[in-house]
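A short write-up of the structure that comes next.
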């Protein structure tokens, strides 16, 4: 059994909940779940035990009713869980949403205590953080982090930073847990949080779930690198109509993507080919199915110039939700293995910015094989 | 030193010769050569010692003059080698080219003897077969092959089949050689030839050099497979304006592509997703820079349907020519290692249809790492 | 009121019937119908009075049940019309369909008489021919056509050729009718049929409904022509999974596309730029939503080379079905105007191969304006 | 004879000069010049008589040497014209270029007088403004404009605004001239300048030369509109590596694109389909050959959803330069016809934002025909 608490009951979390229940009921194939039935822990053993949000229209509602807003075919087995109030700390600021947070009525320290107490009752094995992309500043030192919490610095901390802090406390007191950070806020890549996690028996998967165009770009760049093609330039656009694209129209939030190692190009090619890789715009009718366009130009043998263009329509939320079905199970396995702190073997395949900080991007096709081995599975092609 | 004999002095062989000399002269970077400077045998050690063709306008001409037809910037260091007459056996049939072959004036057996004698003087380490795509029938048994040669069955044998036969005889007599079969005729995948090669100290790299859209498709399919996305359909078009596309408008030749394991889809995905993967047409002004278009549709988590479209303009001949710069050096290494017959570790990365027959396609990104290890190099990411 | 008889109750005819009824019931917007509400004859005035097919599984069934196979949301207002047996003459040959035709049990002449009698009862204003693409040979002379019918040459005539012959007889006897030939068989472009139609009070719209990539190609080529860009090459692929693509895998049928003026390139550019424009393949899971890919390369000012790639997923049947909603009303208008024979003003916009034979393709954007004027509407931009 | 003065000797002006001379010398076809040899005024009659810039590295240099920086094959016939110092007014601000302007050492009024005096000697018929895209504010009234000049408001005026003012004074004194405004600064669309031009015998072609993706988008949207397809969304990206893309990374300049009627979507479709149409980024290695990507989604008949993706590599400067070869000749014709102020018939085809302000965008394919008629030519397809 894997007990899961969701932090941020938006599009991704709702598709995760809906698809999970359909698979458990045998009504849907586990497509988009990389390890499907291969893991010793089966999909039917995953149980959502709690869900948190700060959207006033969701808090207090039944999970089923919230999920239905995103997937009209949500299964009724989702009924019976009430969405609880979580940490806000301005995470929905500038979005057209009425928000309410625990932190509105109490200090951060009190909110942390409140959460840890709730979790001791819910007994989650794994936390899944799928909050809206935040504007954030990483911490320089453990001291600075602890001081910010002690001094109730609501302007300094983000929801994610507080959630991980609380999860670490919960893990320390209960013997172990895992935290899946699927958004760009640096956690697995922040040495302060990595150390805190290691000390507290908290496994960390992060940062920023590897969906969309970037993992494909990674494999295509590896493909070029292995043929010693000299990449001249890379342009990659994304445009979508879901809340995450809306949130990224906010300049401050967009900056949080800059903390992400943009070094994927350099790490895979061995040199920093000029590139423009950005989510570009919000176009409401595209909905959750974003449009991506990539252009790459390279020099081949005898000075020949080649060009590749990749376009696509890709459903954003299901891509990440499918990965979460693995990650919660791998999280439970990390706890069992007592592999705490950032787990690179998992992150290198599942995360855009795989922590810990000192580790690099590798081709996803190879990362997949290494991850299998970490999980005790045979590699497929090695 | 690696001494090379070229069989088929067309576009690919000419770009190979031209680019090779430019790199040796320090005038061009070895882009498009996967192992570039990493191998113990350096690019500057490669020497073209002979070249064969059956185009009447090429035979007897200086290599420099022939290469210049394809690359106006061919270096003068190519001067001094005369293009010799090779085996025709109708390989240019139906093409608008006046052809002449050794086999026009003598039996196949005599032609083989003629070639072996020439080669004993030229002393090549490696043969590179880049003839025009042939219409061919594989051999059922060693006996059948030998009978066809003994009985001078000019309608039964193709140029490639005779060249390999001659190369095997040369290798047996001289202690070892390598044969790079860069065209679709089944050699590495023909058990009769595989056995002949093993017995004769002939290393075989083949079949059909892995260039163009197919290796990219392989890696993209692996990318989908590793995320358990269910591929609904794959369409892949190629259109080009060089002689190879012209040759493929001939139905009989086109069939030779059918002998190629079209099982790449099944081998990488684990199921035979409906696909249409074909070179489609000849359009003269595209020249050597073909246009490729691919469409793939798959099911992701929670039943979501995604689509990817890949388009590109890719120079056909340089892509293959760059691989040859590695293959001739690896050929020499195979002889040194006495690794005769089809060498799967090399073929899995460099060949569309990697022999021997019983072996499968694997993702190219992984094949690359295994090939490095075969060549005594550190893997890059494993 | 416009009374319509459908010839060939396949995908297009079924989407036409379904969409038409939904629009009439106010349940759907008339998207895809170029003239929508602008014509004096309104969409609600269109009535399907008869339907013919030769698929044994359709003949004798209620139209509603047949349409439902193609559109699960077919409206019940389609109930009450029985699909009648039509002309076969091998039109479904080579397709995996059990077929039965009037011509199986009687001579062609008898079948014509049978049809004309049925039509005199149904009193259609317009015939819509959406049979499967046929392999056919045009007629050299009126005499040859009449002799073929008199001599019951079932191997010489196609279903379409007989349907038009019967429709002409019906029109002659009843004072006028219109025939919409939405498939490639030459009718509007066959001078024999054009003359027959003029004499018989039959307006002809044809040939081959202008849907898919070709009309867009036409406008894009016009765009280049107007800027005097010199087009170097054009490649256009189509691949789909409906019965029409399946039918085109048959070589003989495919030839019927060759009768179509492939002169669109020359007529719009003023010179015959090298091109490869073909439906390419059948890939079942694509269904009715075909994948198209186009590549065009041209020279701009100062010798610059530009490239345009167009890709798309396009629903095949609705595109044509939407045009039919206009064409049946325009057919009725042609009869009222007594504009018999091929009507170029209509055909130039709605047809891939606009008849009569001596007329040329013009940019669709301009053809649209001229067609509006023919229909008594204000041009939009002229 | 058409005498031309260039304002802004950058990429476009240099390709214009180079290509023009090559055509005049019979060394190049007039591809990319819409009216090529059709106009009564021939290309060989165009003569560049003066050139102005503010880049310190260009002023005082021979035109040939400047043009050669952009086109290594610039013809020597360009020798003999010295690039003169023009108006700066911060137009190169924020760009990595050392700039110097007439306005650095004198008042705007004095600079205007200086220019008019030079022009009275050079006797140009047409001015071509191809300065770098400016950040600007249009004028509310003639009074405000004249006050700004009288009070030497260097912060209020842009180079273009002063150049047109000077050209109007020159035209008034000499009997007539034409001004081609190929950049986004509102001139033809600014009623203050339109009135000034009409009073001063100055024909105005503007604003913003219609090159790149937008005119193609216009024709594709017209194509959809004519079929009553309901467009759901439009995304259009551009990325390039020339100075114009670099200049657009500056936020203030980018705003000047907002003054451009973004109403093309509404004007062609009849409703404001959600759209994201923007130049997106600067990527140096792309150079002058930008990458464009468009995605459009629409509803067809019976509720079917279709998608079109257009990608391209397009040379930016030649596209505009080719139009200029027509525009200078049409400018001379406007003067001969005494058609002063903004000439809509010309602008509707050649300009992104066709002035005067009260006029709308129409499909380019139709605009072309109307423009031909204005120029005394037969329409091609009307």
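Run the numbers on chain B and let me know its relative contact order in percent, using alpha-carbon pairs under 8 Å that are six or more apart.
Working: 792 pairs, mean separation 72.9, N = 382.
Relative contact order here is 19 percent.
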Peptide B:104-115: average number of partner chain Cβ atoms within 10 Å per residue? 0
Mind jotting down the three principal axis lengths of the protein assembly as shown based on Cα atoms? Whole angstrom, largest first. 91, 81, 78
By how many nm would the segment from residue C:373 to residue C:1 grow when fully extended, if each residue of separation counts as 0.36 nm and the alpha-carbon distance is taken off? 131.7 nm
If you rotate chain A onto chain D, the residue of A with its Cβ nearest that axis, and the gap in whole angstrom, comes out as A:293, 2
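Taking neighbour Cβ counts within 10 Å as the exposure measure, how do C:276, D:298 sort from fewest upward? Write down the numbers at each step before the final one.
Values: C:276 19, D:298 24.
With the sparsest Cβ surroundings first, the list reads C:276, D:298.
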Rounded D (µm²/s) - segment B:213-315, Kirkwood Rh over Cα pairs, Stokes-Einstein at 4 °C, 1.567 mPa s: 89
Taking alpha-carbon centroids only, segment C:58-96 lies from segment D:16-50 a number of Å equal to 61
Distances in nm, one decimal, shortest first, from residue D:47 to the same residue in every other copy, taking the label point 7 angstrom along Cα→Cβ. 6.5, 7.7, 9.3
Cα atoms only: what Rg and Dmax, in Å, come out for segment C:152-297? 17.9, 54
Cα pair distances in segment B:1-129, grouped into 5 Å bins until the bin that holds the longest one, percent each: 2, 10, 19, 23, 19, 13, 9, 5, 1, 0
Quick one: angle between helix B:213-226 and the longest Cα principal axis of chain B, in degrees between 0 and 90, rounded to 10, please. 40
State whether segment C:272-382 is rounded, prolate or oblate according to the following rule on the C-alpha gyration tensor (a ≥ b ≥ c being the square roots of its eigenvalues): a/c under 1.5 gives rounded; otherwise a/b larger than b/c gives prolate, and the remaining case gives oblate. oblate
Could you compute the FRET efficiency for residue C:147 and residue C:357, with r as their C-beta to C-beta distance and R0 at 22 Å, rounded to 0.05? 0.50
Most exposed first, judged by fewest Cβ atoms within 10 angstrom, D:265, D:33 run D:265, D:33
Across peptide D:208-220, what mean number of C-beta atoms from other chains lies inside 10 Å of a residue's C-beta? 2
Could you pull the Rg and Dmax for segment C:106-223, using just the Cα atoms, both in Å? 15.1, 52
What is segment C:191-231 by shape, rounded, prolate or oblate, if you read a ≥ b ≥ c off the alpha carbon gyration tensor as root eigenvalues and call it rounded for a/c under 1.5, prolate for a/b larger than b/c, and oblate otherwise? prolate
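Mind checking A:232-240 for the average number of partner chain beta-carbons within 10 Å of each residue's beta-carbon?
Shielding by partners across A:232-240 averages 5.
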What are the nm distances, shortest first, from residue C:360 to its equivalents in the other copies, labels at 7 Å along Cα→Cβ? 3.1, 5.8, 6.1
Once both axes come from the Cα atoms, what is the angle between helix A:108-122 and the longest principal axis of chain A, in degrees from 0 to 90, rounded to 10? 90
Segment B:294-348 and segment A:158-212 have their Cα centres apart by a whole-number Å value of 40
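Please compute the Kirkwood hydrodynamic radius of chain C from all pairs of different C-alpha atoms, in Å with one decimal. Walk me through the numbers on the way to the answer.
On the way: mean 1/r = 0.0474 Å⁻¹.
By the Kirkwood definition, the hydrodynamic radius is 21.1 Å.
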Rounded to the nearest 10 degrees, the helix D:364-374 long axis (Cα) sits at an angle to the longest Cα principal axis of chain D of 50
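The numbers here are math on the coordinates, done by the rules we state, and not lab data. None of the values given here were measured: they were computed from a predicted structure. Counting neighbours? That spans all protein chains shown, and the Cβs are built from the backbone with ideal geometry, glycine included.
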